[in-house]
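The values are calculated or read from the model by the stated rules, or taken from the named source; none is laboratory data. Source: prediction; values computed, not measured. Cβ placement follows ideal geometry from the backbone for every residue including glycine, while neighbour counts extend to all protein chains displayed.
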């Protein structure tokens, strides 16, 4: 099954690259093939896929050092075969070099003729013998290039983080981004308590910890955790959600019987948490442009036993109050963003983003925030959040909003769930063990 496992990993990586789709969607597309693997092989397949994307620059530096063909000119399937083999050689202790080389060569045989097979064999054997003697970019003379190669982030992002955070903090951030994150659950408090759910999971043999900030979160560590197989999943005792995202819902602070708008709901993780916080009493309108995402939200609501959410396919940028029965008590705008705060969970996003994306997203976020603000009743609450730590998507959006919207006042966070937040809520994966998020809260003031 070893070759089948690596063949599936290669197909997933190529599908994501060639179709220009997300890793999550690529994994969904190959769900039948993954289901046919043993649990051990499935774990190996996931380790290879995520590992190749997490460490791509590092792997490419090694490959290029032992190849006369420049990486941009390589056939994509050959390049991914090499990346997969080098990843196994450098990061998977249980896979001997000869096994990684042999399966790489076998994959090459299935993809091309003797020339391609010989090329892959030569590069991998030379890499196995010579990698320890490679000269890497100097961390003092070329700090951004060194970080980009050794810690596998795009060089433009390495340079940006070094200028903002300094060299040492950037290294800590990159290490956190490349670390395999725990599985984070949010207890469905409509059906159970965090303590009781923790007991159930521990009794089933899982290593658990409680999240330090969110009162609803449980951390699961260990390999081969498949959420659908966990105790309590089918009965709706929990949902997957990072601790930082859990805290965003609490910033909105919804109350029972209120009317709430989740203005860019997506798959609805925050909508469903808001419903829990409201004890399923009130009305939540979850809006998104993608009908399939809202369909998944509805399915999840049924699993969790939530009945107070209605969905509406709508583009917020084209919406106004006439699209809704009345103004809302509270509005959450979890805006589309670059996702640079969640790279540890979505390593493929590292290679899809550019500095231009930050500027483009920031422009859209400003427009969305202004639209969302029009839907809040006087005295109501508006929360803006993004899973990005970049200033253009964070403080700059807020400054532009407050400059033009005199009907809104910023609510300083002060102390929030054991954290000193000042004006804004911010989290970072290197210091808090959760995704990178930003949030700001406003009140719509009464007309003068």
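Would you confirm whether any residue within the range 51-60 is more than 23 Å from residue 132 (Cβ to Cβ) and modelled with pLDDT of 90 or more? Spell out how you get there, then give the answer.
Narrowing the range 51-60 to residues more than 23 Å from residue 132 (Cβ to Cβ): 53.
Of the ones still in play, those that are also modelled with pLDDT of 90 or more are 53.
So far as the range 51-60 goes, yes, one or more of its residues are more than 23 Å from residue 132 (Cβ to Cβ) and modelled with pLDDT of 90 or more.
Within the range 251-265, can one find any residue that is over 25 Å from residue 428 (Cβ atoms), within 18 Å of the chain's Cα centre (by Cα) and touching a residue at least 24 places away in the same chain (Cβ under 8 Å)?
Yes; the residues of the range 251-265 include at least one that is over 25 Å from residue 428 (Cβ atoms), within 18 Å of the chain's Cα centre (by Cα) and touching a residue at least 24 places away in the same chain (Cβ under 8 Å).
Is it the case, given these coordinates, that residue 337 is under 21 Å from the mean Cα position of the chain (by Cα) and either in the same structural domain as residue 27 (by TED's automatic domain parsing) or closer than 18 Å to residue 317 by Cβ (or both)? Can you show your working first?
Working: under 21 Å from the mean Cα position of the chain (by Cα): yes; either in the same structural domain as residue 27 (by TED's automatic domain parsing) or closer than 18 Å to residue 317 by Cβ (or both): yes.
Answer is yes for this residue.
Among the candidates 400, 362, 349, which residue alone is assigned to a helix (DSSP H, G or I) and within 30 Å of residue 48 (Cβ to Cβ)?
On the way: 400 fails: within 30 Å of residue 48 (Cβ to Cβ); 362 fails: within 30 Å of residue 48 (Cβ to Cβ).
Result of the check over 400, 362, 349: 349.
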